[in-house]
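Student: Here it is, the structure in full.
Read-outs: derived from the displayed coordinates by stated rules, not from any lab. Worth saying up front: this structure is predicted, and the values here are computed from it rather than measured. Here Cβ is always computed from backbone atoms with ideal geometry, including for glycine, and neighbour counts include all displayed protein chains.
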Amino acid sequence: MIIETAKPADLEYLLAARREAAAWLRTLGSDQWSRDYPADKLLATIDAGTVFMLRDGAETAGTITVTSEVEPGLWNDDELAEPSRFVNKLTVSRAYAGRDIGGRLLDWAGERAASEGAKWLRLDAWTTNERLQRYYLDHGFTHVRTVREGGAVNGGPRVSGWLAQRTAAPVDHGFVDRTLHITA
């Protein structure tokens, strides 16, 4: 499988993949990703070069966003002073479920983070999705804390405030990396 930087032409796939993931999550009783993600915001992350696509021939197996940008109010100043990369929008096509594609994408993200000089690979997960939290713990992340207040809408409850991190390091993910990135 090949990982490459997303292009604007991938926007419709990315939006559809998120809807597919949201539908699957609903079957598990989760309201995660129940609101459509704004296409213009997603396109901006594609244009910034932070969205990556995992291709299996002509098929897309998954996608991940890795960025140095962080949502305000999650990580404290001491944590933000440490070099970090942040993972979000990790999505695996249901056709590829059960093959640990997500875990391997996290390994790739950790390798990329390390090559860019980051100490940590960090993420925030849906506060009420304990299955997802367990998934990240099982993939080497350590829970830091859960931020419940200060959400984006009127300072209300935060829906994605379960914070976790793991050391950024090279790991054998098995993908052919065709992304361009800066090495430390």
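Student: Restricting the calculation to Cα positions, tell me the Rg (one decimal) and the Dmax (whole number) of region 52-170 in Å.
Tutor: Just the Cα atoms of region 52-170 yield Rg and Dmax of 14.5, 44 Å.
Student: Using 7 Å Cα-to-Cβ label points, what is the R131/A58 separation (nm, one decimal)?
Tutor: Simple spin-label model gives 3.2 nm for this pair.
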